[in-house]
Amino acid sequence: MAFDGDLTKSTAAALAAAIKAGDVSATEVAQAHLDRIAKVDEKVHAFLHVDADGALAKAAEVDAKRARGEQLGPLAGVPLALKDVFTMKGVPTTCGSKILEGWRPPYDATVTRKLREADVVILGKTNMDEFAMGSSTENSAYGVTRNPWDLTRIPGGSGGGSSASLAAYEAPLAIGTDTGGSIRQPASVTGTVGVKPTYGGVSRYGLVAFSSSLDQGGPCARTVLDAALLHAAIAGHDPLDSTSIDQPVPDVVGAAKLADVKGMKVGVVKQFDGEGYQDGVRSRFHEAVDQLRGLGATVVEVDCPSFDYALAAYYLIAPSECSSNLARFDAMRYGLRIGDDGVNGVEEVMALTREAGFGPEVKRRIMLGTYALSSGYYDAYYGSAQQVRTLIMRDFDRAFADVDVLVSPTTPTTAFKIGERVDDPMAMYLADLCTIPTNLAGNAGMSIPVGLAPEDGLPVGLQIIAPSMADDRLYRVGAALEAALNTTWGHPLIEEVPSL
Amino acid sequence: MPAITREEVAHLARLSRLDLSEDELVHYAEQLDVILGSVARVSEAVQQLGQGQDIPPTSHALPLVNVTRPDVERPCLDPAEVLAQAPAAQDQRFRVPRILGED
Amino acid sequence: MSTSTVNLPSYEDALASYDPVMGLEVHVELGTATKMFCGCPTGFGADPNTQTCPTCLGLPGSLPVVNATAIESAIRIGLALNCDIAEWCRFARKNYFYPDMPKNFQTSQYDEPIAFNGYLDVEAAGRTWRIEIERAHMEEDTGKSTHVGGATGRIHGAEYSLVDYNRAGIPLIEIVTKPITGTGEHAPEVAKAYVAELRELIKALGVSEARMELGQMRCDANVSLRPHGREKFGTRSETKNVNSLRSVERAVAFEIRRHAAVLDAGDTVVQETRHFHENDGTTSPGRVKEEAEDYRYFPEPDLVPVAPAREWVQELRGTLPELPGARRKRLQAEWGVTDHDMQSILNAGAVDLIVETVSLGAAADQARKWWMGELARRANEAEVDLGALPITPAQVAEVVALTAAGKLNDKLARQVIEGVLAGEGSPQDVVAKRGLAVVSDDGALLAAIDEAVAAFPDAAEKVRGGNQGPAGQLIGAVMKATRGQADAARVRELLLKRLSS
Ligand SMILES: [Mg+2]
Ligand SMILES: [Zn+2]
């Protein structure tokens, strides 16, 4: 029996089932997505590198496995777009930076290895803000990614390529990383689902570090269940990552299937509403909260006063760690080298290479971090920021003593225009206002689409936040809300992409 | 507190090995001044919200301690593969520009 | 540029006006099987870059995981140095750019070392000095650069460098003393004795071979001077990477003289790092940095804190071997030797040789006699360390056993040792080949006695008459006849018996 849907518009769950049942081959699925990429990526520019050979080889392997009668995993043969911040042996990994142009890592990230082991078909590497620093993917050294909903708008960032690939039907699944919102904010502005797992839930081994204490890899998809399937595939303890939690992965797939909020207590974060929030974002957000009430959840308002300072703390902690993490890009062992003329000493070559190889946002953050860690400024900046982190964790603890999950808009506005904020770093940074507290506290967050803003017709995202290692609650709430909204609209939000 | 000068930016650039142009020095001085002016609120937050309590800094949200590995060998990389990625190599070593004299 | 010794005051003159203050920082490479933060092997002498992985090469995306054995070794070192062991401590990043250092930060410990507040007692100049330990912390080593072009192997004038990262990430323990004051003229000697004692301790713990010639242990020596009677310390210099005991002593002595010259001239000492030159015993300044180093330490976010359980620390305390100082005291008592003799044994590097010889059955006084007498003399002649002589404690024990059994006398034993040293085989082999065994056949001895009596009838008559004086002449004749291979005591016994009957 042949698969009767559009392969590229199908969910990952449906594709996996069809491949397993023999309704369609993994090779056909991979080829359909490669064709779609060939057709639309010129406009979207979600990918930095398409690994057609690798993808088709993996698909053929899956088909052969099935032919031999071997058991296939829950995502076997499903295509995926990998953010270019994860190493993949022999495949170019640039992190959106000139300084890593041409680098082919000699090793696989743990996430990459797990995807391979799950027989997921990796289509290629997606565009991103350089070293994951940004909220618009405009900071990529390889050009901007465009939002499939409106090609003049940003797809969010830093993982704009991953989310745009989903919204453009180039892949049903994608991997992102979220340091201050880089999975959730792009998900929000592209009408897709993105999850930042609990810090330590997904291994960071092979994830090129931006801010080690905040970075977390996670799943991106078009549905909550697909995200859960991917989450389950990549999560789990990794002895190669000292900050990996050695506990069983919460049953996220079960929770997504449960899709029930009856009896749950939902807290609406008081700080993330009002001034600075687009009207359409607020209205869709509040409608969604009403839906949750209608589904049997209790809704209360929660006060988290420290959240007003989260952005400031983040823009000290993340740059501080990045200034150190990015020191290794020095032209000695890999990547770009500029100015090695036999006259320049090693210091000049390092400085010339880093000057040429890093973009303005990366340089800005490196210097900001260097400043914050300098003797004389450390206590006032880095030290105080770490104290604010303590306050934020206390606010979360207090909140979660009373509620099961917190909700807020994912980002204050819908997708803004390309170029609109590039010269105003502070305005750009506001895009992560609501997502940052979760990174600082290490707990789990999800963004799901909750409709289109009436004024611009662009997707609005709702953020769900759960305590550490209670990631399953995200899926329970997200799946319930998704089902209710689909019923309301008569179809999933992301059924049509206007501009493609 | 801020009001960061061009000279301070030049110092930061030297510390972080960035060969910034004159224009960049001026431009970053302006931008860093704005950003630092804004993020300096963290000290104020600690005073206002901390209300005189002891607030320890949190460098990591994880409650983990004592994560170690046994002293057991793992496979190394093939040096040929590693050096193939280097900007310059010689005699199975990374070739780097001259290091300014220590003696 | 090296400071010449020509214009420096003599050591005695320097000490006449100033008190030296020292601070010693010793780095020890641990002898773990794998590196500090990755599973690469640590073996010495491998081909370049064959002992590397993403982590110790600092490849993008790589992460560190702490070697459990390195932590254990650090705690054991801390305990042996009488330190407190932190209940909770962290790694930090020390940020600076250097091509040897793959991440351009060193993962080290900053304000939270694993061990702190200890001491080590050191013997020097005839007394005990308590050297207080500020801290012992864990960190990682860097790679190794070879400089090509220009003067051979020197960094200065090189055209380029080649880097091998095999050593990058090998675990190091850095042991830092508190300021060492009050050593006066003995400062260089105390510094050397401290490093020597520390090396013995590290070896006794079995955590490192601490071979200074291989860079497994290296010392940074901080020296400053203050005028007699002044409380405040002077400005210090830090002489880096001094890698032998003798060099530690020489570097400290040189810096004392150099500082004195600067201060005598009314100038101020510059706080700087310096390099020691083995060839002429001088130091020269390191590269002058345009601006003060700012390492921007912060807690390493890729690692979690180390919080050694108190029970575990107690357990480790129980595994400490007898430490060198205590062992020396015990041996001295067991051997019944004076402080002076013990010091000679130590200086000769004979302690372990004697202990081993005794453990193979030799009496302590005999073992000591041979090692500190005949063998020490021969080592001296050959200008080698005692331990480098081509004779083993087992062979010495064999010589002692043969002597005790009456099969060798002292004179023969010396010949046997000469044979062993000449490569003629084991003591038994030498005895056989050279025919050196004591003549223990009474018949043969009696025949020789009879010959002697016949040859010296006057002497024999006197002995018969009760005057034993001339017996020596007769014994000598017997010894001569047996080419020294007779047991003189037995000869005397047989002779007296013969002449009394
Ligand atoms: Mg050190
Ligand atoms: Zn390694």
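Coordinate-derived values only; no laboratory data. On a predicted model such as this, the values are computed, not experimentally measured, just so you know. Methodologically, a virtual Cβ is constructed for each residue, glycine included, from the backbone with ideal geometry; neighbour enumeration extends over all protein chains shown.
Quick look at the numbers
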item	result
Long-range HN-HN contacts of C:Leu172 with modeled amide H, under 5 Å	C:Leu30, C:Glu139, C:Glu140, C:Asp141
Bins of 5 Å, starting at 0 and running to the largest distance - Cα pair percent for the stretch C:442-500	4, 23, 38, 24, 10, 1
Placed amide H near C:Tyr160: partners under 5 Å, 5+ positions off or other chain	C:Val148
Sum of side-chain charges, C:Val358 neighbourhood, beta-carbon under 11 Å (Lys, Arg +1; Asp, Glu -1)	-3
Stretchable slack from C:Ser284 to C:Lys203, in nm (0.36 nm times residue separation minus alpha-carbon distance)	26.0 nm
The stretch A:206-255 and the stretch C:1-79: distance between their alpha carbon centers, rounded to Å	38
Peptide-level mean, for A:86-93, of C-beta atoms on other protein chains within 10 Å	1
Three-way shape call for the stretch A:99-168 based on the alpha-carbon gyration tensor, with the a/c threshold at 1.5	oblate
Span per principal axis, largest first, for the Cα atoms of the protein assembly as shown (Å)	141, 79, 58
Span from the the stretch A:117-166 Cα centroid across to the the stretch C:439-472 one, whole angstrom	112
Extent along principal axes [Cα atoms of the stretch A:1-50; Å; largest to smallest]	34, 16, 16
Kirkwood Rh, angstrom, the stretch A:428-484 [1 / mean 1/r, Cα pairs]	12.5
Backbone HN-Hα couplings from phi across the stretch C:103-113 [Karplus 6.51/-1.76/1.60, Hz, Gly and Pro as x]	9, 6, 8, 9, 7, 9, 10, 10, 8, 10, x
Amide H contacts under 5 Å for C:Glu300, placed H, 5+ residues apart	C:Phe91, C:Ala92, C:Arg93
Net charge dipole size for chain C [Lys, Arg +1 and Asp, Glu -1 on Cβ; Debye, nearest 20]	960
Fully extended contour minus Cα-Cα distance, from C:Thr392 to C:Val270, at 0.36 nm per residue	38.8 nm
Between helix C:471-481 and chain C: long-axis angle, C-alpha atoms, 0 to 90°, nearest 10	70
Chain A - mean residue ellipticity at 222 nm from DSSP helices (-39,500 (n - 2.57) per run, n ≥ 4, rounded to 500)	-12000 deg cm²/dmol
Rounded to the nearest 20 debye, dipole of the protein assembly as shown from Cβ charges on Lys, Arg, Asp, Glu	2240
In degrees, nearest ten, helix C:488-500 long axis to first principal axis of chain C (Cα)	20
FRET efficiency estimate (nearest 0.05) - Cβ-Cβ, A:Val300 to B:Gln51, R0 22 angstrom	0.35
Integer Hz, Karplus 6.51/-1.76/1.60 couplings in order for the stretch A:440-447, x for Gly and Pro	5, 8, x, 8, 9, x, 9, 10
Ranking of C:His340, A:His33 by count of other Cβ atoms within 10 Å, fewest first	C:His340, A:His33
Cβ-based exposure ranking for A:Ser242, A:Ser97, in which fewest neighbours within 10 Å come first	A:Ser242, A:Ser97
Inter-chain shielding of A:386-398 (mean C-beta neighbours from other protein chains, 10 Å cut-off)	5
Whole-number D in µm² s⁻¹ for the stretch C:324-434, Kirkwood Cα-pair radius fed into Stokes-Einstein, 10 °C, 1.306 mPa s	112
Under 30 Å from C:Lys407, Cα to Cα: lysines that are on another chain or at least 8 residues apart	C:Lys369, C:Lys433, C:Lys480, C:Lys497
3J(HN,Hα) from dihedral phi, the stretch C:249-264, Karplus parametrisation 6.51/-1.76/1.60, rounded to Hz, x for glycine, proline	4, 5, 5, 5, 4, 5, 5, 4, 5, 5, 4, 4, 4, 4, 5, 4
For the stretch C:204-242 versus the stretch A:446-475, the gap between their alpha-carbon centres in whole angstrom	60
Cross-link pairs beyond the 19 Å C-alpha cut-off, checked among A:Lys43/A:Lys417; A:Lys98/A:Lys363; A:Lys9/A:Lys58	A:Lys9/A:Lys58
Kirkwood-Stokes translational diffusion coefficient of chain C, alpha-carbon pairs, 20 °C, 1.002 mPa s, µm²/s	79
Averaged over C:62-73, number of beta-carbon atoms from partner chains that fall within 10 Å	6
Global form of the stretch B:6-50, assessed from the alpha-carbon gyration tensor, a/c cut-off 1.5	prolate
Under 17 Å from the A:Ser375 label point (7 Å along Cα→beta-carbon), backbone N, the stretch C:222-240	C:235-238
C-alpha long axis of helix B:22-39 to longest principal axis of chain B, angle in °	50
